[in-house]
Amino acid sequence: MKPIWIKHASQLITMEPGLTGPRTGSGMSELGIIEDGSVWMESGKVIRTGTTRQLEREFENRVQEAEVVDASGKLVTPGLVDPHTHLVFGGTREEEFERRLEGASYMEIMNAGGGIHATSRMTRDATEEELFEQAYARLDSFLKHGVTTLEGKSGYGLNTETELKQLRVMKKLNSVHPIDLISTFMGAHAVPHEYKGQEEAYVNLLIETMIPIVAKEGLARFNDVFCEKNVFTPTQSERILEAGKRFGLVPKVHADEIEPYGGAELAARVGAISAEHLLKASEAGRQAMAEKGTIACLLPATALYLREEAANGRRMIDQGVAVAISTDCNPGSSPTVSMPLVMNLACILMRMTPAEALCAATVNAAYAIGEGEQAGKIEEGKQADLVMWNVPSYQMLQYAFGVNHARAVWKKGVRVV
């Protein structure tokens, strides 16, 4: 494989590789900008970063070996990381979009057999091959929008057979698609209709049957639960998360999306790597997350789609919470693959700065899925995941709303877009 030399980038964003761990406060604005930036990649790794003049001197005897990419007038950043998606699912729910526009709420639709339950029926009916083909196409779309690492959740099976089917599809996708796909078990996405009135029996099924199989087959790294009124109580959620921990699954929590319910506090208490949504998280819950180092994974596209007020990202950052952002790609409340759009919305709806939004979509997003040591930064010796954008600066990337500016994408040093 020939070395690749990207040179003359208007801005090269390295995300300050010398800083470690999830970024908080002012650290979320430390982008490591190199003007007239240059990157030398070889064997899938970043070998050197610096100004174009610096790399011209260092590699003057090897220039003829390299594939040279002129990034004049372009922005180069780390590959984006999407830390919260429901990637594998069957069917679509466009009719629910109309029903919400007519006034139906998310929970009203779900309690009437729509929402998660509708997708569960369609996912149960889909073959593994159908789910694979549909999800592969989605991953291609993510890649074209600059995403090089992504988390995918199960949770549209709500029975052992289909939850395992979703996770096995994700495992296969990770082995054949350029994107690094990190899997999360989320059998606790809802209580299936066949267990209505027998919620504790379903919790026991999760704890005694599903989690042990998922762990034994190595199908997931994380265990997520929808802690919400009329879904799983904080007590049930804690039982499920603690059971996962006993089998080596790291906790995540869908927390305080519909109303304040103690989800943020639960995430901090169980040592969750992240808490998701958090539209209605309490001041005490946010503070607990800051103290425990639980990353807030915020989903502004979901809030927009549901016509809800977005999570208070500005307040969380000011409180010292590490903030990540994500598409929440799913068929009901956020049918998008556009992380560039999500960065725009983080600025517009959650009052984050353009620098903070980029940090939340790279470094902090990577740490939210345990990939912070190899993704989210352009660091010498680390995996060469980069995006070249058809804009000259990171401010322009956030400014031009709703446009995909991705011009080229490299994954492990190979151009894939």
Let me confirm something: among I369, I295, which residue is of a type outside the set (F, W, Y), in contact (Cβ under 8 Å) with a residue 12 or more places away in the chain and within 26 Å of G157 (Cα to Cα)? I369
Note on region 317-353: residues surrounded by fewer than 24 Cβ atoms within 10 Å (Cβ to Cβ), farther than 22 Å from Y106 by Cα and free of Cβ contacts under 8 Å to residues at least 60 places away in the same chain are Q319, N344, C347, I348, R351
Just name the residue that is surrounded by the fewest Cβ atoms within 10 Å (Cβ to Cβ) out of those in region 86-134 that are acidic (D, E) and in contact (Cβ under 8 Å) with a residue 12 or more places away in the chain. D125
Considering each residue of region 30-48, count those that are over 27 Å from the mean Cα position of the chain (by Cα), over 19 Å from L19 (Cα atoms) and surrounded by fewer than 18 Cβ atoms within 10 Å (Cβ to Cβ), and give that number. 2
Filter result for the condition that a residue is small (G, A, S), buried (at least 18 other Cβ atoms within 10 Å of the Cβ) and assigned to a loop (DSSP other than H, G, I, E, B), over G244, G157, G152, G187: G157
Determine if region 255-269 includes at least one residue that is of a type in the set (D, E), assigned to a loop (DSSP other than H, G, I, E, B) and buried (at least 24 other Cβ atoms within 10 Å of the Cβ). yes
Taking region 354-379 and keeping only residues that are surrounded by fewer than 24 Cβ atoms within 10 Å (Cβ to Cβ) and at positive phi, one is left with G370
Could you tell me which numbered condition L299 fails, if it satisfies all but one of (1) closer than 17 Å to D82 by Cβ; (2) hydrophobic (A, V, I, L, M, F, W, C); (3) over 15 Å from the mean Cα position of the chain (by Cα)? (3)
In region 225-277, what count of residues is obtained for those that are β-branched (V, I, T) and under 21 Å from E308 (Cα atoms)? 3
Checked region 8-30 for anything farther than 21 Å from I273 by Cα and touching a Phe, Trp or Tyr at 6+ places or on another chain (Cβ under 9 Å); matches are Q11, I13
In a strand (DSSP E or B) and either crowded, with 24+ Cβ neighbours inside 10 Å or not hydroxyl-bearing (S, T, Y) (or both), is that true of A296? yes
With respect to S141, determine if the residue is small (G, A, S), assigned to a helix (DSSP H, G or I), at pLDDT 95 or above and at negative phi. yes
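The values are calculated or read from the model by the stated rules, or taken from the named source; none is laboratory data. In this text the structure is predicted, and so the values were computed from the model without any measurement. Positions of Cβ are generated from backbone atoms using ideal geometry, with glycine treated the same way; all protein chains shown enter the neighbour counts.
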